[in-house]
Amino acid sequence: MRLDEVYKISGTALLGEIHRHTADIKLVKKYDVKKKASIKIKSGDFFLVKTIESVNMPSSLTASITPRSTTYRSGLF
């Protein structure tokens, strides 16, 4: 899948019964058809990504996207 937007996650999050606070996100890269872009991922980094692709499915089904095992073995999940 192609990545559309990549966000760096920072800060803390709390999903309690009464209080809720999500981590901060900052846009790092946005897909540009005219440019090739890359992102260096360091140990301990976390990113939130949005893909360009979309899938139409009936409302009676759900989907789960699982990366290749190579991605897991490279330390990305």
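Could you give the Stokes-Einstein D for the stretch 1-44 in µm² per second, using the C-alpha Kirkwood radius, 37 °C, 0.692 mPa s?
Numbers: Rh = 12.9 Å.
D = 255 µm²/s.
Give me the percent of the accessible area of the chain that comes from carbon and sulfur atoms, probe 1.4 Å, all protein chains in place. List each step's numbers first, then the result.
On the way: 4090 of 7410 Å².
Answer for the chain: carbon and sulfur cover 55 percent of the accessible area.
Average accessible surface for the chain: 96 Å² per residue, computed with a 1.4 Å probe over protein heavy atoms with every protein chain in place. Straightening the chain between ILE25 and SER10 buys 4.8 nm, computed as 0.36 nm per residue apart minus the Cα-Cα spacing.
Compute the signed sum of charges (Lys and Arg +1, Asp and Glu -1) over the other residues within less than 11 Å, Cβ to Cβ, of ASP4. Mind dumping the intermediate values first?
Values: positive: ARG2, LYS29, LYS30, LYS50; negative: GLU5, ASP32, GLU53.
Around ASP4, the surrounding residues sum to +1.
According to the calculation over all Cα-Cα pairs in the chain, the P(r) per 5 Å bin from zero is 3, 10, 17, 19, 19, 17, 11, 3, 1, 0 %.
The values are calculated or read from the model by the stated rules, or taken from the named source; none is laboratory data. Computed from a prediction, not measured in an experiment: that's the story for all the values here. Note: ideal-geometry Cβ built from the backbone for every residue, glycine included; neighbour counts use all protein chains shown. The protein model used for the area step is the full one, side chains on, heavy atoms only, and it has no ligands, DNA or RNA in it. Shrake-Rupley method; radii C 1.70, N 1.55, O 1.52, S 1.80 Å.
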